[in-house]
Structure formats: structure tokens, C-alpha cells
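Asks: One structure, pasted below without further comment.
The values are calculated or read from the model by the stated rules, or taken from the named source; none is laboratory data. Please read these numbers as outputs of a predicted model, since none were measured by experiment. Neighbour counts run over all protein chains shown; Cβ positions are idealised from the backbone, glycine included. The accessibility values were calculated without ligands, DNA or RNA, using every heavy atom of the protein model including side chains. Shrake-Rupley method; radii C 1.70, N 1.55, O 1.52, S 1.80 Å.
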Amino acid sequence: MDPEDSQAIRAAQPLFEYLEGISINLFCYRDTLHYDLLRKLSGDIFALTASSKIFRINALRWLSLMEDLILTEIESIDRDGNYLIETAGEENIVFGGENFVEYLLGRPYEVETMMIDQSIKPLDLLKRIVAQAFKEGRDVPIEVVEDLVKEHLDFVDLIIQSESYEDAY
């Protein structure tokens, strides 16, 4: 959906252009419910960003939102993974499917991974830190959350000032 998906499509454009010359079927593996939940959480992130900008950073709310995002992805892996297995052929490339590696390794599949680019946006870093802490059963220090949210707010300012997401990144 435009404009929500335009950034993801632009980011994947070089891959799509490369794949155009190859006879291959492309399909979305994401369950519709998962997609809708991610959209809702994106709206929550937008609202919390505005609130943090105007008032103050509520680190506990940010932490809760990151946990919701991670839990949504964990809960969706089975649905998305089953859909991928049922729909896909023998050899596949999953773009942005880093969550599937463990899922597919738990089944009789050979999996190779390639990291093309890893986002260093502050909220992506925060999400990775929270996910790792979640796996290890430990807490994320509030100071870490506050620092990364401050960096996120600075990043948003850069986007607004430059009027270009790519330039800000």
C-alpha cells in the first residue's frame, strides 16, 4: 500500500531489477494478519515518536512497544513459515527472512544465509538489543532504551531537515 510500503519497495528495488532478468516466481510469504499487526505497531511507533518529541521519552513504553513488535514476529513465524513451505518450490531466496532461519533449520531444510545489509537505524538497533535480551531472559537497561530513542528522534529530525530518508540514513 502506498505510501506505507514505498520505502520497503525502494530499498528492494536493486534486487527486483536483478531478478527481472531471471525466470523466477516471486511471492509474499507474510501472513495477512502479521502484516496488519505490523502496520498497527508502525502507527504506534509513529504516535510514540511524536509524543516523545513533544513531551518526554517514556522508556518503559518504548520497551513495551519493542517487545510487542518482537512477540508479533515470533507468533507469526509458524504461520509465515508454513505458508512458505507449502507454497515454495525446492530452492528459494527469502528476502528479509532472517526470522525464518531457525524455523527452517528445525525442519529438514538446508539453509544458507547471506547478510546484504543490516540496518543501523536506532530503533532497529533497539529492537535487536531487546530481542537478544528477551532470548537470554534479561532486562534491557532503561538508559540504553533512552539513548537509542534519543538517537531515533535525532534521526527523525535529519529526515525532516534533508527531506530525504536516504540522505538522512
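Asks: What range in the chain is the longest one free of trypsin sites (Lys or Arg not before Pro) that are in a loop by DSSP and have at most 10 other Cβ atoms within 10 angstrom?
Replies: 57-137
Asks: Could you state the accessible area per residue of the chain in Å², with a 1.4 Å probe and every protein chain left in place?
Replies: Heavy-atom SASA per residue in the chain reads 70 Å².
Asks: If contacts are Cα pairs under 8 angstrom and at least 6 residues apart, what is the relative contact order of the chain in percent?
Replies: 23
Asks: What's the FRET efficiency of residue 58 with residue 105 using the Cβ-Cβ distance as r and R₀ = 35 Å, to the nearest 0.05?
Replies: Working: r = 37 Å, r/R0 = 1.07.
Step by step, r from the Cβ atoms, then E = 0.40.
Asks: For the chain, build the charge dipole from Cβ charges (+1 Lys, Arg; -1 Asp, Glu) around the Cα centre, then report which of 38, 169, 55 sits farthest towards its positive end.
Replies: So the residue we want is 55.
Asks: Computed FRET efficiency, Cβ-Cβ of residue 115 and residue 51, R0 25 Å: what is it to the nearest 0.05?
Replies: Values: r = 34 Å, r/R0 = 1.34.
In this case the efficiency is close to 0.15.
Asks: If the only charges are +1 at each Lys and Arg Cβ and -1 at each Asp and Glu Cβ, what is the size of the charge dipole of the chain around the Cα centre, to the nearest 20 debye?
Replies: So the dipole magnitude of the chain works out to roughly 560 debye.
Asks: Just from the alpha-carbon atoms, what are the Rg and Dmax of the chain in angstroms?
Replies: Taking only Cα atoms of the chain, I get Rg and Dmax of 17.6, 52 Å.
Asks: A further question follows. Counting only GluC sites (Glu not before Pro) that sit in a DSSP loop (anything but H, G, I, E, B) with at most 16 other Cβ atoms within 10 Å, what is the longest stretch of the chain containing none of them?
Replies: Excluding the exposed sites themselves, the longest stretch runs over 5-89.
Asks: So what's the back-of-envelope 222 nm ellipticity for the chain, counting only DSSP H runs of four-plus at -39500 (n - 2.57) apiece and dividing by all residues, rounded to 500?
Replies: The helix contribution divided over the chain gives -22000 deg cm²/dmol.
Asks: Starting at 0 and stepping by 5 Å, how many percent of the alpha carbon pairs of the stretch 92-152 end up in each bin?
Replies: 4, 15, 19, 19, 17, 14, 8, 4, 1
Asks: Counting only complete DSSP H runs, which helices of the chain cover 15 Å or more along their long axis at the Cα atoms and score a mean Kyte-Doolittle of 0.0 or above?
Replies: Long hydrophobic helices here: 32-54, 59-87, 122-136, 142-162.
Asks: So, one more: Compare 83, 18, 103 in a GNM of the chain, Cα atoms joined below 10 Å, and give the one with the largest fluctuation.
Replies: Between 83, 18, 103, it is 18 that shows the largest mean-square fluctuation.
Asks: Quick check: Cα centre of the stretch 57-94 to Cα centre of the stretch 104-163, how many Å?
Replies: If you average the Cα positions of each part, the centres end up 14 Å apart.
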